[in-house]
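Here the structure is laid out as structure tokens; the discussion comes afterwards.
Each reported figure results from applying straightforward, stated rules to the coordinates on display, with no laboratory input. Since the structure is predicted, the reported quantities are computational estimates derived from the model, not experimental observations. For neighbour counting, all protein chains shown are included, and Cβ atoms are generated from backbone atoms with ideal geometry for every residue, glycine included.
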Amino acid sequence: MYTPVVKVPNQQYTFYMEEPVQKDRPRRFLEIFAAILKHSNYRFLLDIYSRIATKCGRCSCMCQVYEETGDPEDVPCYRSELLLRVYRRHFTLGGMLYGKIFGNRYLADKDIDEMAEAFYRCTACRRCSIECPMGIDHGLITRLGRYILSEMGIAPKALVVSTREQLEGATRNTSAIPVKALLDSCEFLEEEILEAKGVPVKFPINVEGAEYIFFPPVSDYLMEAETLMGNAVVLHAAGISWTIGTGYTDAINYGLFYNDRLLANIARKEVEELHRLQAKKILIGECGHASRAAKYFIPTFCGGKQAPEVVNCMELTLRLLEQGRLKLNPKAITETVTYHDPCNIARTGWIIEQPRTIIKSFIKNFVEMSPNKISNYCCGGGGGTVSVDEIRRFRTEVAGKRKAEQLRATGADIVIAPCANCKKQLRELIQDYGLEMEVKGLHDLIFTAIEF
């Protein structure tokens with residue numbers, strides 16, 4: 001068991017990584033790195049990045065971890081250089097010749113330990129990429145480093161266990177919810193909707209030929225019921241053809257955080273379920289990383305231009321609102337509301353204005369965070385670290401401190417966070433910093449305001 005130290009000002013914590021006992025770890029690391037380069041397109045980017053000086057440090061002003069610690073090892077380009085120098089030394093002609101002549105800078109155990117520490121202090125929010133003058137995607141390098149390490153068995157136990165249950169367990173989802181419990185939850189939510197809205201809304205199960213197959217983060221079935229009810233009433237009110245499949249239920253894809261092989265396998269399961277029920281499109285619920293994993297990697301691993309269309313629920317809700325198929329009561333929400341941009345859907349500019357347009361259509365007291373949109377701060381639990389409960393204090397005291405300050409500055413009563421991971425992290429920030437606000441999903445408030 002490898003237990004890297006997670007450094008916090010004046011304190012140290014550890015988080016636990018699964019690692020089988022291995023001899024000659026550097027050789028194993030290089031073998032895995034070589035296999036990834038052979039069977040992927042990472043080499044092209046690494047050839048470019050390795051020729052660029054990753055030492056200017058401009059990215060440091062965008063990293064909320066470095067802003068808190070001031071530790072040079074937390075500068076994104078320093079972290080990226082840990083992997084790039086391995087690539088230069090062992091996988092470029094110049095590096096190999098230099099090594100043969102001078103016999104130095106071979107990969108060592110201490111280098112692997114340093115990478116394991118560094119890559120999981122990063123939230124992979126990619127905010128640093130906005131400032132990099134050379135266009136280096138430090139978040140991508142972090143993920144590649146995690147990919148190599150995970151193939152050695154070095155990965156946070158929390159991520160490994162969740163992904164193992166999703167791929168191999170009896171429930172096939174990260175929250176280990178049996179299908180019967182999921183169906184019972186749907187029946188209960190139908191009763192709740194009927195009581196609250198007076199409308200018999202159904203959760204269609206295993207309906208063949210629907211326009212959309214709906215994949216929410218599976219945790220919504222138990223922990224974010226109002227978000228799920230909001231999704232259901234929107235689809236019902238607009239007369240959308242949709243279904244939930246019991247063959248595969250979970251939009252969450254932790255492969256995005258640490259292993260491309262697992263990322264691909266989970267994406268394929270979503271497509272297989274779509275084909276099983278002969279649905280036309282994939283609808284993803286309120287989850288930033290699940291949306292990004294499906295939107296960008298289903299085409300990569302599941303058919304390219306022939307891959308099924310992926311739609312985020314906020315995109316669909318806005319379209320229905322603009323078509324006049326939804327009616328929201330502008331007096332239903334009186335509290336002051338702010339909006340948190342999840343990194344995985346906002347950093348590329350994909351989903352930014354859609355939720356704001358919806359919010360402004362029925363909420364009068366809306367205030368923006370600063371900065372916001374593409375430049376918004378990460379919740380502090382990105383890159384899957386929110387799942388690692390043993391580093392909660394690192395997530396809230398270091399990685400999430402800037403976000404807590406942002407939340408306090410808005411003076412809002414409610415922060416909308418359309419992402420399962422962000423909701424968990426923001427609630428912990430609110431608790432740890434004593435903030436007087438609630439975390440809601442956008443569809444939670446839509447559920448309150450919708451009229452039939």
- Task: List the relative contact order of the chain as a percent without decimals, with contacts defined as Cα pairs under 8 Å and 6+ residues apart.
- Result: 16
- Whichever lysines have a C-alpha closer than 18 Å to that of K331, once near sequence neighbours (fewer than 8 apart) are set aside: K197, K360, K364, K440
- Return the calculated 222 nm mean residue ellipticity for the chain, to the nearest 500 deg cm²/dmol, obtained by summing -39500 (n - 2.57) across DSSP H runs with n ≥ 4 and dividing by the residue count. -14500 deg cm²/dmol
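Note the direction-averaged projected area, equal to a quarter of the hull surface, for the Cα convex hull of region 5-156, in nm².
9.3
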- Query: Using unit Cβ charges (K, R positive; D, E negative) and no other charged atoms, how large, in debye to the nearest 20, is the dipole of region 5-156 about its Cα centre?
  - Reply: 620
- Item | Integer Hz, Karplus 6.51/-1.76/1.60 couplings in order for region 298-313, x for Gly and Pro | 5, x, 5, 9, 9, x, x, 5, 8, 5, x, 5, 10, 10, 7, 4
- If you rank I52, I298, I213, I359 by fewest surrounding Cβ atoms within 10 Å, what's the result? I52, I359, I298, I213
- Using Cα atoms only, what is the angle between the long axis of helix 93-102 and the major principal axis of the chain, expressed in degrees (0 to 90) to the nearest 10? 40
- Item | Cα centroid separation, region 66-121 to region 394-420 (Å) | 32
- Message: Which of E114, E428 has the fewest other C-beta atoms within 10 Å, and how do the rest follow up to the most?
- Response: E114, E428
- Distribution output for region 235-284: share of Cα-Cα pairs per 5 Å bin in percent, first bin at 0, values 5, 19, 26, 20, 16, 9, 4, 2
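Return the ratio Rg/(2.2 N^0.38 Å) for region 151-211, where Rg is computed over Cα atoms only.
1.61
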- Out of residues 5 or more away from E438 or on other chains, whose amide H comes under 5 Å of its own, with H placed 1.01 Å from N in the peptide plane? I414, V415
- Task: At 7 Å along the Cα-to-beta-carbon direction for both E114 and D47, put a label point, then send me their distance in nm to one decimal.
- Result: 2.7
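Computed from the mean reciprocal separation of all distinct C-alpha pairs, what Kirkwood hydrodynamic radius does the chain have, in Å?
Details: mean 1/r = 0.0437 Å⁻¹.
When all Cα pairs of the chain are included, the Kirkwood radius is 22.9 Å.
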- Query: Sequence-distant or interchain residues sharing an amide H contact under 5 Å with A155, placed H: which?
  - Reply: E18
- Message: With both bridge residues required to lie in the chain, what share of the DSSP beta bridges run antiparallel, to the nearest 5%?
- Response: 30
- Task: Please arrange S129, S175 by counting, for each residue, the other beta carbons lying within 10 Å of its beta carbon, fewest first.
- Result: S129, S175
